[in-house]
Structure formats: C-alpha cells, structure tokens
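Encoded as structure tokens, the structure appears first; notes follow it.
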Amino acid sequence: MNLLKSTYPRNAFVVMGIILLFSLTFIVRSSYFQHVFIVILQTITLAVSYRFITLSGQWTFAHFTMMGIGAYTSAILSTTMGYPLWISCPLGIVATCITTFLLGLLIVKTRHVYFFFATWAFAYVVEITWKKLWFPFGGFDGIRGIPKPSSWFNSEAHFYYLILVITLISVTFLYKLEKSRFGRTLVCIDENEDLAKSIGINVFIFRMLAFIIGSAFAGAIGVFYAHYAGFIAPPDFDWMLNWFVVIYLISGGTRTILGPIIGTLIFVPVMQVFAAYQTYVTVGIGLYTIFVIMVASDGIEGLIWRLRHPGEIGVSRALR
C-alpha cells in the first residue's frame, strides 16, 4: 500500500507532464518559441545520452561530433546521392555507431582524462576534415537543400511533435537501460573498476557498448537536425560546443537522469532568448557553473536532494 501511495503521485505527475508537452503548440503559437522548444528537446536527448556514457566513468568530448557524423551522413545520402529518407536517416545512425566502434577500439581502454583528451583530438580532426573537404562535405559552406521528411513537415509545430516523440523514447529507453543489470554493471565499473574485473566483468565490452549506445542517440539527433534545418555546416558541430553538454551535466547533476534535463532547462532557454548577447551569456554560464560547483559539487539535483534530506549522506549511483 505504501508503495502504491508513493508511486501513484509520481506516475500522475509524469502523465500530466506528457499531456502538457503534447498540448504546448496549442498554447504557444509563436513559431520562434516553438523553435526554442525544439532546441531544448534535442539538447535534452544529447545531454541524457551523454550522461549514459559517463555511467561507466568515461567522459567524452566528441558528442557533438557524433551528432555531426549522423547529420552529414544522412545529408550526403539524401542530397548528393539521392537516397530516400527512410534509407538515409537510419544509415546516419549506423554510420555514427560504426565510427564510435572504430574509435572505441583505439581509446576505450584509456581512462579518465586520457579518454577525454583522445575524444577531443578526434573531434578536432573531424571538424578540420569537414572544413577542408569540399567533396562530399561542402567545406566551410556546408550542405544545403537537405530535404524535409515529407510535405507535412512544413512548420515548427510539426517538427516539435517529431522531436518530442524522439526525446520521450530516448529518455525512457536510457532510463530503463540504466536501471537494468547492464546499467548497474556500468555503475559498478565506475565505482570500482578493479573489483569489476576481479568478478569477471569485461570492462572493455561494457564501456564500448555504453559509448556506442550514447553516441547513437547523438547521431539520431544529428539526423533530425539536418532535415529540420535543411542546411548544415561545420560550425553547427564545432568541437567547442561539447563544453556546453559537459556544463549542462555538471551544473544539473549526475545523480539521476533528471540532472542533465535540469541543466538543459536552465541554460538552453537563456542562450536562445539572449542569442544576440552570446558572449555575455557564455561568460555568465561559466561563472554560474563555477558557483554551482563551489556550492553543490554534485549539481543542482544534488543540492535539491540535500535540502530534502538534511543531515543524510548521499548514496552512490549503484545503490539507487
């Protein structure tokens, strides 16, 4: 009975939230704000999938790059090569997975800061390649005329529903996967890699799978972005943009899947509304992140948890 009492309000809240999200375009008619909602949702998927990779203790600096690989693959196949979208879109995700696998073969065995800088080097090289090669990437000018999914997708409202479904599926899938035996094994590796190895866990395989799964969702968002914007260029996937995903996660918190969602909901609307003052916004985000780290090292989510449970010591991710 107590379990039902604690679960029912939470489920009711989730259902009400989903209903609100699906009715949002009827409440907010402005195409600009609908575009902001689209950016928020695709960034939530990026941040949540990034956090999934970190469950095994690895922090990548190539998440936007993986998004770009998905975007460029689908864009090239659907424009230069004339493939229909039902082929080019899945192949964009597949290309991201293959790239992640090949990269993982080289760097997954590295740990912590070495993995981080290895992915940074990869992101930098890929961006230079996109800029220098006019064929097939279009160089600095990028790729134009990327087709829409269908004639029905002629407004921000229609794309909003598409990205909303993608985000809900992504968040639900990654949440369930984290709570599964696979997810708890990843957390075990993060908590004590040597212990995980001693009990027979293949750390390389699990970290490789986490890297591929998280990057696959980044590739899916890249595919969506390419066909939503109709134009992509190297600055859309600049390696510096990876810092923002890291900031969303650090400031929001890593305790649960809500952390990156909180970080995204705080920063992305501010960055979109005050896009004309991007320099000042970036400086403000940096200062705010430093403040959050000093006040709450485990992010806003951790701060909220401590306020709700004063005097208690937080538990590891493996026990939640």
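The values are calculated or read from the model by the stated rules, or taken from the named source; none is laboratory data. Small disclaimer: the values here were computed from a predicted structure and weren't measured. Neighbour counts are summed over all protein chains in view; Cβ atoms, including those assigned to glycine, are modelled from backbone coordinates with ideal geometry.
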Original post:
Out of all the residues in region 61-76, is one or more surrounded by fewer than 22 Cβ atoms within 10 Å (Cβ to Cβ) and touching a Leu at 6+ places or on another chain (Cβ under 9 Å)?
Top reply: no
Subject >> Elements of type helices (runs of 4 or more DSSP H) contained in region 5-118, each with 1 or more residues being within 30 Å of ALA196 (Cβ to Cβ), in contact with a Gly (Cβ under 9 Å, 6 or more places away or on another chain) and free of Cβ contacts under 8 Å to residues at least 60 places away in the same chain >> reply: 85-107
Original post:
Do we find that ALA95 is small (Gly, Ala, Ser) and within 19 Å of the chain's Cα centre (by Cα) in this structure?
Top reply: yes
**OP:** Within region 128-161, count every residue that is touching a Ser or Thr at 6+ places or on another chain (Cβ under 7 Å) and acidic (Asp, Glu).
**Re:** 1
Subject >> Of all residues making up region 197-233, the number that are aliphatic (A, V, I, L, M) and in contact with a Phe, Trp or Tyr (Cβ under 8 Å, 6 or more places away or on another chain) >> reply: 9
Original post:
Among the residues of region 80-103, which ones are modelled with pLDDT of 95 or more and under 19 Å from ALA233 (Cα atoms)?
Top reply: SER88, CYS89, GLY92, ILE93, ALA95, THR96
Subject >> Within region 154-175, considering residues that are free of Cβ contacts under 8 Å to residues at least 40 places away in the same chain and surrounded by 15 or more Cβ atoms within 10 Å (Cβ to Cβ), the one farthest from ILE40 (Cα to Cα) >> reply: PHE173
